[in-house]
Amino acid sequence: MKQSFFAIALAAFSTTLAHTQSPERPDKSAEPGIPASSNVGAAAYPRIAPDSRVTFRLRAPNARDVKLEGGAGLVKTPLDLKPGEDGTWTVTTPPTVGGFHYYWFNVDGVRVNDPASYAWFGYGRETSGIEIPEAGSGFYEARLEVPHGTVRAQWYYSKITGQWRKANVYTPPGYDENRRTRYPVLYLQHGAGENERGWIEQGRAGFILDNLIAAKKARPMIVVVDTGYASYAGTIVGTNRSAATAAFDDVMLQEVIPMIDRTFRTRSGREHRAMAGLSMGSGQALNLTLRHLDKFAWIGAMSGPPRQGFDVATAYDGVFRDAQAFNRKVKLLWLGAGTAEERFHASTVTIHETLEKAGIKNVMFSSAGTDHEWQTWRRSLHDFAPRLFQE
C-alpha cells in the first residue's frame, strides 16, 4: 500500500543527506525522543519527544526567514524556526495531537517540502507528512498476527471525462483463495485537495479493515477509492471548483460501479452497496446516495460541509419527507466529526438532532479531540465499517 513512497524517497535522497545520520554513527546532538516513522531512511529529524512535542530541522544556510506550517493538530499557527551557526534552522512544537498531519516549510515566502520526510498527496500537491504515535492506535497499524488484504490499482478509461483514471481497490483477506465468494462493496471518497491515494496511504483504510475483519467486528468487503475530481471531457476547469467535480455522479454511476461489478466478485444490488466520504467527499456521498437510493442502502458522511438552515422537507430533493419510507429503505445513515473541528462538529450535531426529531434513524459519532485531519477519519471508518452489511 506504500509503493509510491519509494519513488518520492529517491527524488529526495540527495537533499536528505544533510538530515541523515549513519546507523553506525548516531547523531549525538539529537534532541530527546525518536525519529518519526514517516522520515526518509535514517533521517534523525523530525524527532518526536515522549510528550509528543516535535522538533523539525531544515538546512537552509542562505534563507532569511523559515516557518513551519501545516495541519491544525500539529501547528495551529505558523511557527518560526531559529537559525544555527551551520545554517540549520530548528523549531520544536507544543505537544501535538496523535495521528497523521501534513506539514511544510515556508522559506522566504516559498512553500518547501521537508526532504527528510516522505510526501503524500494533500492540499492539491505532494506534501510532507508526519505520523505521531498515539495510545490505542493499533486499529490502523499493520499487525503480524492479522491476515492482510490486497490493494489493487484499477486503471480505466473514462469516456465521460475523456481521461484515464485510477481507482484503488481493497480486496479482503482470502479474496484470491475463496474463488466462489462474493463481497459487498464500500465506495469511499477523499476530501478536497486529495485523491485516490488518501484513504489507502494517509487513512490506512486497508489496515483498519484487515484488523476489523480479523477480529470479526466487520464483514469482509471490497473497498473502492476513486478520485472525487471529475470534469466533463473538453471542459476547461481553471479555478472553477464546481466544474472540477461536475461529472463525478455520472462517472460513479455509469462507469465506476459497473466496472467494479464486472471486474470483481461483488454482490450487486443496493443492499450490498455502501458509500461514504470525508469533507468534500461527504458532500459527494450524500448528494449521490440520497438521490439514488435505488443504488445504495448504507450511507456515511464524515466531517460533512456545514449546512446552514438544514430543512428536512426540502434537503436532497425531499428524500426525508416520508420518514417511514426512508427508514425502510436506508439501512444506515451515519454522521460523524471530530470535536476539535468545531464548525463541522456543530453542524453535524445539528443535522443529527434535526433528523431525529423528524423520525429519521441515523447514527452520530464524535472523535474526541481531533480536528479536520486524518485521525478523525481513521476513527470514523473504524466506527462506520463494523455497522455495514449486517443482516
For this session: Might you let me know whether region 245-259 holds any residue that is more than 22 Å from the chain's Cα centre (by Cα), closer than 29 Å to residue 140 by Cβ and not small (Gly, Ala, Ser)?
Result: yes
Exercise. Which residue, of 357, 329, 361, is basic (Lys, Arg) and in contact with a helix residue (DSSP H, G or I) (Cβ under 7 Å, 6 or more places away or on another chain)?
Worked result: 361
For this session: Tell me, please, whether a residue that is within 18 Å of residue 278 (Cα to Cα), in a strand (DSSP E or B), within 17 Å of the chain's Cα centre (by Cα) and aliphatic (A, V, I, L, M) can be found in region 193-202.
Result: no
Exercise. Taking the stated definitions as given, is residue 143 in contact with an Asp or Glu (Cβ under 9 Å, 6 or more places away or on another chain) and in the same structural domain as residue 370 (by TED's automatic domain parsing)?
Worked result: yes
Exercise. What do you reckon, is residue 236 among the β-branched types (Val, Ile, Thr), surrounded by 14 or more Cβ atoms within 10 Å (Cβ to Cβ) and assigned by TED's automatic domain parsing to the domain that holds residue 177?
Worked result: no
Problem set entry | Matching residues in region 103-128 - criterion: being out of contact with any Lys or Arg (no Cβ under 6 Å at 6 or more places or on another chain), under 19 Å from residue 80 (Cα atoms) and among the charged types (D, E, K, R) | 111, 114
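Please list, ordered by residue number, the strands (runs of 3 or more DSSP E) wholly in region 89-187 having 3 or more residues that are surrounded by fewer than 20 Cβ atoms within 10 Å (Cβ to Cβ) and hydroxyl-bearing (Ser, Thr, Tyr).
So the answer is 150-158.
Report whether or not residue 370 is of a type in the set (S, T, N, Q), at pLDDT 95 or above, assigned to a loop (DSSP other than H, G, I, E, B) and more than 26 Å from residue 254 (Cβ to Cβ).
On the way: of a type in the set (S, T, N, Q): yes; at pLDDT 95 or above: yes; assigned to a loop (DSSP other than H, G, I, E, B): yes; more than 26 Å from residue 254 (Cβ to Cβ): yes.
Judged against the criteria, residue 370 is a match.
The values are calculated or read from the model by the stated rules, or taken from the named source; none is laboratory data. Worth saying up front: this structure is predicted, and the values here are computed from it rather than measured. A quick note on method: Cβ atoms are made from the backbone with ideal geometry, for glycine too, and the neighbour counts reach across all protein chains shown.
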